[in-house]
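Take a look at the structure below.
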Amino acid sequence: MALLELHGVDAFYGRVQALHGVTLEVDKGEIVALIGSNGAGKTTTLRTISGLMHPAKGQVIFDGQDITFTDAAKIVQLGICQSPEGRRLFARMSVLDNLLMGAYSRSDRANIARDLKHVYELFPRVEERRSQIAGTLSGGEQQMLAMGRALMARPKVVMLDEPSLGLAPILVETIFAVIKEINDEGTPVLLVEQNASKALSVAHRAYVLETGVVAKEGTGRELLESEDVQKAYLGM
Amino acid sequence: MQRLRATFAGDLGTALFSTLGLLAVGWVVILAIQSPRSLIATMVIGITDGAIYALIALGYTMVYGIIELINFAHGDVFTLGGFIALPLFAAFGIGPGAHYSLVFIPILLLVFVLVMLINGLVNITIERVAYRPLRGAPRLAPLITAIGMAFILEGTMYLWRGPVNLRFPDLISEARYTNSLIDIGVKDVMVVVVAIFLVVMLSLFINRTKLGKAMRATAQDRDAAQLMGIDINRTISATFFIGAALAGAGGLVYALYFNSIRFDLGFSAGLVAFTAAVLGGIGNIEGAALGGLLIGIIRALVDRYISASWSDVIIFAILIIVLVFRPTGLLGMRVPEK
Amino acid sequence: MRTARLGRVAAIAAFAIVAVACGGGGSGGSGSGSKGTISIGVDLPESGAAASSGLPTLDGVKFAVQKAGGSIDGWTLTVENRDDAVGGSYNADKGVQNVTDLINNNNVVAMVGPFNSAVGKAEIPIAAPAHLTMISPSNTNPCLTKDLSSCDYHPADLRKGNPNNYFRVVATDDLQGPAMADYAFTTLGIKKIGILDEKTVFGVGIANAFQAQYQKDGGTFKRDSFDPKTTTDWRAILNGFKDFGATAIYVGGTDDQSACKPRGQMNALGIGSWPYLGGDGIETSQCIDDAADSANGVSATTAGADAGQISSAASVITDYKKAFTGANDYGAYTMSAFDAANIEIQAIKQALDAGKDPKKVNDFREAVRVNVSKTSGYAGVLGTTTFDANGDTSAKIISVYAVKKEDAAAVAKGDLTCGKAGGSNASFCFVWVKQFNFGA
């Protein structure tokens, strides 16, 4: 059994169906990419896993436990953490307070301090700005902070939603390097990206979402080489 | 274009603010030269009123900050604080005819704590029953429930104690310090000390504690806060609790200060305090305190030296000028969201 | 109107119902020897909470008819009574319906009523074309008779071109301010005063009237007004008055607009012993409560005489209380209604003496109206009444009441306006101190 599994998930916004029977899984040690165009249902999938919304049908299983209708706050405690699209930092709080909010569900002070140090190692820029108000950071710094904040929960799975969106190419490289590093340290990553070629090149496995349906799945390499995917998402 | 407008508004706004501020300071200096004693007496009135407005305004601003609800019932929650205190005093054997004695001070402190606690629990219940079920509903629905809640609270207090002006025991010393310049009572000092103490405590709580930070985080981005594992319901309950505890303390302070309270006091006091919260920047805690203090002082000065018929005109003119140039209020959130 | 003495009789609604049952006497019929029936119509609020206003007033009319022996010159005299209260308070639409009803009753030749000025405003346009005489025992709004710029309607418009059919035996509110000004300046000897209003039409109007007369008397004043919706602290305003050198305050306004709350804050400023003066809007229990620990020294005017203070009225009141024995049968306007009915009875008699035929109802009503309008030097219980061209009485009496601490027996009697029962000012009551006659 995989660490995180979705089985036939249907999800709605009001009366509009956003997901149709989505089934996917993320296992220990993996980077799994979720690609697709705008409105394909990528963010909805993450929100459903996080418990920000609940599916109308289907199941979400984490670590052998059914979390389909578990509260968002509880899911974080179980070990799924998300860096949401648009970073969603606490703009009027300091960088340090943002990171500490990431560790909100934990009470092991010594380990929190160690993780904080680790995040500073991953993102030295974040450490430099730790007493600054988060809203005053540049786009790249904010993305680093958002990822660092997600890691502060010491998650068993980290979900990153569009981490490279709107960043300069050099920063995109940095971000992807860190994603790999996080994964090398043993944390599975579920990565939602519009930059499909970047995402597929780091992903072990990937899913292609089209209008709420899983249209294709395979290893990162398989999808990179697939003609359909190349046409639709890689601009070839 | 937007930048241009912002710059324009910024410069013109700053110029206007400084001009108005200088004029106001000049005026006060002239008043001080004419009769320092009279000015000091007026400032004492303004600061004490302002401190009470501030205690109410904090609750408005905190609740708005976290769930964007104008909690119209908040003024009545303030009155409720005074109402709850009366039976508590009675339980400790202090009737409405009691007079100041040092023996009462520990009881007074205990009643303060109990009033804040009970008032907080009442407000948590109000939130749970009347606002939480409507959290996903259109904005107008909880707004109307809040207005309804205001009527229910006022009606309940009316039914409980009737339309009479409830006389409060004289638990604070009437002693005054008087010389040729200053005339200030123990009561005046009590109001200001209680208000400052509570605001400092609140500020420490909000900025230093985990729950306080979680409240700020929830106010800034509810979804993101949930993704951090913050229990939103608990945080919102805490906000209602603290808002009501402060307002309840304010109601008790008011009643001890003026020795009377009536079921409909919260209407006017709430209206002024809400204005104070907007002036200071709704959602901003320091802003609410500043707004309350400013409105108290401006009102006392205008009442005393111009005419009470102008008080509201001048206060709201200042409010409009501030909002036109700084729509988020004096200390409103000015950090851009990127 | 400010239903001036309403507070005094407010608590007695329930018992008053009995008076209706006892009063009876609607259908005298034409017994042997009677030439027929002549009726005096009555329109008052007589049910629910308003019964305490209307029923003792109705009894005043019934008492007048009784005193006349129930007949005039061989005609049976009856009371044709209508209730204009809906849901316990006066209702102008109901009043209009009642007056229409009375006009359609060919026995009705004149009427007493209404009780409330707002009802009067609605009824005059219906009664005037029918030349039906109305004498109100209690309307005090000056606009019903006087063409004042502060009014939003005018008597000529109400009458619609018909001759005046509306009269009243009480003074009008516009005299309350001047009366208190004279009281403050001359009786109390206050030379400097602070004048406050609460920004309502009534409050500003009465404060203006006070101010004009006080200035004429030679006093100086500082004027201010506050908004009751946003004001919780009056101390800065009061300090302004104090620094001005005032030694008393006049407040134009009503208790429900916080007119008495400033009083409650005066003690803290060391000025709790200043006289605090106002119109009938503060002659209420609420005001005594709001005054907190400074209830003593609050004074208020009301339009009209206090029947209890007129020595010539004493024997009539004694007779009345023998005839109407219920605890609450005697009200603040009973004697006004008695005088009003007697003026109409006199006018009816004059019409009969002049050979007018009550069967020709339109002619007879007009004759009664003309006779009433010519009322001059009529010696009633409350004073001498001469109607001017507007229909106002020459007996322009304003009474002044001051709050004093009363003993339990006086409070229990229930004919004083006292602080609310159970409140800390329950033993403080408005007590008559003086009256001013502006007609003299």
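Pull up the range C:63-88, narrow it to residues that are buried (at least 20 other Cβ atoms within 10 Å of the Cβ) and farther than 23 Å from C:His131 by Cα, then point me to the one that is modelled with the highest pLDDT.
C:Phe63
Go through the range C:386-433 residue by residue and tally those that are on the phi > 0 side of the Ramachandran plot and either aliphatic (A, V, I, L, M) or outside the structural domain of C:Met134 (by TED's automatic domain parsing) (or both). It would help to see each step written out before you state the result.
Keep residues of the range C:386-433 that are on the phi > 0 side of the Ramachandran plot, which gives C:391, C:414, C:422.
Next, only the ones that are either aliphatic (A, V, I, L, M) or outside the structural domain of C:Met134 (by TED's automatic domain parsing) (or both) stay: C:414, C:422.
Going through the range C:386-433 one residue at a time, the tally reaches 2.
Any chance the range B:232-248 includes a residue that's under 21 Å from B:Leu20 (Cβ atoms), in contact (Cβ under 8 Å) with a residue 60 or more places away in the chain and more than 8 Å from every other protein chain (Cβ to nearest Cβ)?
Residues of the range B:232-248 under 21 Å from B:Leu20 (Cβ atoms): none.
So far as the range B:232-248 goes, no, none of its residues is under 21 Å from B:Leu20 (Cβ atoms), in contact (Cβ under 8 Å) with a residue 60 or more places away in the chain and more than 8 Å from every other protein chain (Cβ to nearest Cβ).
What do you reckon, is B:Ile242 closer than 30 Å to A:Ala146 by Cβ, at pLDDT below 95 and among the hydrophobic types (A, V, I, L, M, F, W, C)?
Values: closer than 30 Å to A:Ala146 by Cβ: yes; at pLDDT below 95: no; among the hydrophobic types (A, V, I, L, M, F, W, C): yes.
The answer is no for B:Ile242.
Mind checking whether some residue in the range C:388-395 is of a type in the set (Ser, Thr, Tyr) and touching a residue at least 40 places away in the same chain (Cβ under 8 Å)? Before the answer, list the steps.
In the first step, residues of the range C:388-395 are kept if they are of a type in the set (Ser, Thr, Tyr); the result is C:393-394.
Restricting the remaining residues to those that are touching a residue at least 40 places away in the same chain (Cβ under 8 Å) gives C:393-394.
Within the range C:388-395, one or more residues are of a type in the set (Ser, Thr, Tyr) and touching a residue at least 40 places away in the same chain (Cβ under 8 Å).
Is at least one residue of the range A:36-44 surrounded by 15 or more Cβ atoms within 10 Å (Cβ to Cβ), touching a Lys or Arg at 6+ places or on another chain (Cβ under 9 Å), within 24 Å of A:Ala199 (Cβ to Cβ) and modelled with pLDDT of 95 or more?
no
If you check C:Ile343 against the conditions, is it in contact with a Phe, Trp or Tyr (Cβ under 9 Å, 6 or more places away or on another chain) and buried (at least 23 other Cβ atoms within 10 Å of the Cβ)?
Working: in contact with a Phe, Trp or Tyr (Cβ under 9 Å, 6 or more places away or on another chain): yes; buried (at least 23 other Cβ atoms within 10 Å of the Cβ): yes.
Criteria met by C:Ile343.
If a residue counts only when it is under 27 Å from A:Asp97 (Cβ atoms), which strands (runs of 3 or more DSSP E) contained entirely in the range A:148-225 have at least 3 such residues?
Working: elements: A:157-161, A:189-193, A:205-210, A:213-219.
Because the criterion is at least 3 residues that are under 27 Å from A:Asp97 (Cβ atoms), the strands (runs of 3 or more DSSP E) in the range A:148-225 that meet it are A:157-161, A:189-193.
Only residues that are outside any helix (DSSP H, G or I), over 21 Å from C:Asn208 (Cα atoms) and either of a type in the set (S, T, N, Q) or more than 11 Å from chain B (Cβ to nearest Cβ) (or both): list them for the range C:276-295, please.
C:Thr284
From (1) in contact with a strand residue (DSSP E or B) (Cβ under 7 Å, 6 or more places away or on another chain); (2) within 14 Å of another protein chain (Cβ to nearest Cβ); (3) modelled with pLDDT of 95 or more; (4) farther than 17 Å from C:Val400 by Cβ, pick out the condition that doesn't hold for C:Lys199.
Of everything listed in (1) in contact with a strand residue (DSSP E or B) (Cβ under 7 Å, 6 or more places away or on another chain); (2) within 14 Å of another protein chain (Cβ to nearest Cβ); (3) modelled with pLDDT of 95 or more; (4) farther than 17 Å from C:Val400 by Cβ, C:Lys199 misses just condition (3).
Can you go through A:Ala91, A:Ala103, A:Ala56 and tell me which one is in contact (Cβ under 8 Å) with a residue 40 or more places away in the chain, more than 19 Å from the chain's Cα centre (by Cα) and under 20 Å from A:Arg149 (Cβ atoms)?
Details: A:Ala103 fails: more than 19 Å from the chain's Cα centre (by Cα); A:Ala56 fails: under 20 Å from A:Arg149 (Cβ atoms).
Going through A:Ala91, A:Ala103, A:Ala56 in turn, just one is in contact (Cβ under 8 Å) with a residue 40 or more places away in the chain, more than 19 Å from the chain's Cα centre (by Cα) and under 20 Å from A:Arg149 (Cβ atoms): A:Ala91.
To keep it simple, each residue is scored yes or no on (1) more than 7 Å from chain B (Cβ to nearest Cβ); (2) touching a residue at least 24 places away in the same chain (Cβ under 8 Å); (3) closer than 22 Å to B:Ala273 by Cα.
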| site | (1), (2), (3) |
| --- | --- |
| C:Phe221 | yes, yes, no |
| C:Ser225 | no, yes, yes |
| C:Thr232 | no, no, yes |
| C:Arg235 | no, yes, yes |
| C:Leu238 | yes, yes, no |
| C:Asp243 | no, no, no |
| C:Thr247 | yes, yes, no |
| C:Gln257 | yes, yes, yes |
| C:Trp274 | yes, yes, no |
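Among the helices (runs of 4 or more DSSP H) contained in the range C:192-266, which hold 3 or more residues that are surrounded by fewer than 24 Cβ atoms within 10 Å (Cβ to Cβ)? Step through it out loud before you land on a result.
Values: elements: C:201-217, C:235-244, C:261-264.
Correct list: C:201-217, C:235-244.
How many residues does the range C:386-440 hold that are in contact with a Lys or Arg (Cβ under 6 Å, 6 or more places away or on another chain), hydrophobic (A, V, I, L, M, F, W, C) and within 23 Å of C:Thr140 (Cβ to Cβ)?
Residues that pass the stated criteria total 3.
Conditions (1) β-branched (Val, Ile, Thr); (2) at positive phi; (3) in contact (Cβ under 8 Å) with a residue 40 or more places away in the chain, marked per residue:
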{"position": "B:Val103", "(1), (2), (3)": "yes, no, no"}
{"position": "B:Leu108", "(1), (2), (3)": "no, no, yes"}
{"position": "B:Ile126", "(1), (2), (3)": "yes, no, yes"}
{"position": "B:Val129", "(1), (2), (3)": "yes, no, no"}
{"position": "B:Leu134", "(1), (2), (3)": "no, no, no"}
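If a residue has to be more than 18 Å from A:Asp115 (Cα to Cα) and more than 13 Å from chain B (Cβ to nearest Cβ) to count, how many in the range A:127-186 make the cut?
Of the residues in the range A:127-186, 13 are more than 18 Å from A:Asp115 (Cα to Cα) and more than 13 Å from chain B (Cβ to nearest Cβ).
How many residues does the range C:296-317 hold that are of a type outside the set (A, V, I, L, M), in a loop (DSSP other than H, G, I, E, B) and under 30 Å from C:Ser394 (Cα atoms)? Steps first, please.
Start the filter on the range C:296-317 by keeping residues that are of a type outside the set (A, V, I, L, M), which leaves C:296-297, C:299, C:301-302, C:304, C:306, C:308-309, C:311-312, C:315.
Filter once more, so that each one left must be in a loop (DSSP other than H, G, I, E, B): C:296-297, C:304, C:306.
If we keep only those that are under 30 Å from C:Ser394 (Cα atoms) as well, we get C:304, C:306.
Here the count works out to 2.
C:Ala291 fails exactly one of the following numbered conditions: (1) touching a residue at least 12 places away in the same chain (Cβ under 8 Å); (2) in the same structural domain as C:Leu382 (by TED's automatic domain parsing); (3) more than 22 Å from C:Gly391 (Cβ to Cβ). What is the number of that condition?
(2)
State the number of residues belonging to the range B:298-326 that are in a helix (DSSP H, G or I), within 10 Å of chain C (Cβ to nearest Cβ) and not aromatic (Phe, Trp, Tyr).
If we filter the range B:298-326 for residues that are in a helix (DSSP H, G or I), which is where we start, we get B:298-305, B:308-325.
Adding the requirement that they be within 10 Å of chain C (Cβ to nearest Cβ) leaves B:299-305, B:308-313, B:315-316.
Still in the list and also not aromatic (Phe, Trp, Tyr): B:299-304, B:308-309, B:311-313, B:315.
Number of matching residues: 12.
Only one of C:Leu102, C:Leu148 is of a type outside the set (Val, Ile, Thr), modelled with pLDDT under 90 and either within 27 Å of C:Ala305 (Cα to Cα) or buried (at least 24 other Cβ atoms within 10 Å of the Cβ) (or both); which?
None of the other options fit; the residue is C:Leu148.
Every residue in the range A:209-234 that is among the β-branched types (Val, Ile, Thr) and surrounded by fewer than 18 Cβ atoms within 10 Å (Cβ to Cβ), please. First the steps, then the outcome.
Of the residues in the range A:209-234, the ones among the β-branched types (Val, Ile, Thr) are A:211, A:213-214, A:219, A:229.
Result: A:Thr211, A:Val213, A:Thr219.
Looking at B:Ile52, B:Ile33, B:Ile66, which is the one that is within 12 Å of chain C (Cβ to nearest Cβ) and part of a helix (DSSP H, G or I)?
Details: B:Ile33 fails: within 12 Å of chain C (Cβ to nearest Cβ); B:Ile66 fails: within 12 Å of chain C (Cβ to nearest Cβ).
Answer to the check: B:Ile52.
Restricting to the range C:391-440, give me the number of residues that are of a type in the set (Ser, Thr, Tyr) and within 14 Å of chain B (Cβ to nearest Cβ). Before you say what the answer is, go through the steps one by one.
Of the range C:391-440, the ones of a type in the set (Ser, Thr, Tyr) are C:393-394, C:399, C:401, C:417, C:424, C:427.
With the extra rule that they be within 14 Å of chain B (Cβ to nearest Cβ), the set shrinks to C:424, C:427.
Counting residues in the range C:391-440 that are of a type in the set (Ser, Thr, Tyr) and within 14 Å of chain B (Cβ to nearest Cβ) gives 2.
The values are calculated or read from the model by the stated rules, or taken from the named source; none is laboratory data. Since the model is a prediction, treat every value here as computed from it, not as a measurement. We place every Cβ from the backbone using ideal geometry, glycine too, and count neighbours over all the protein chains shown.
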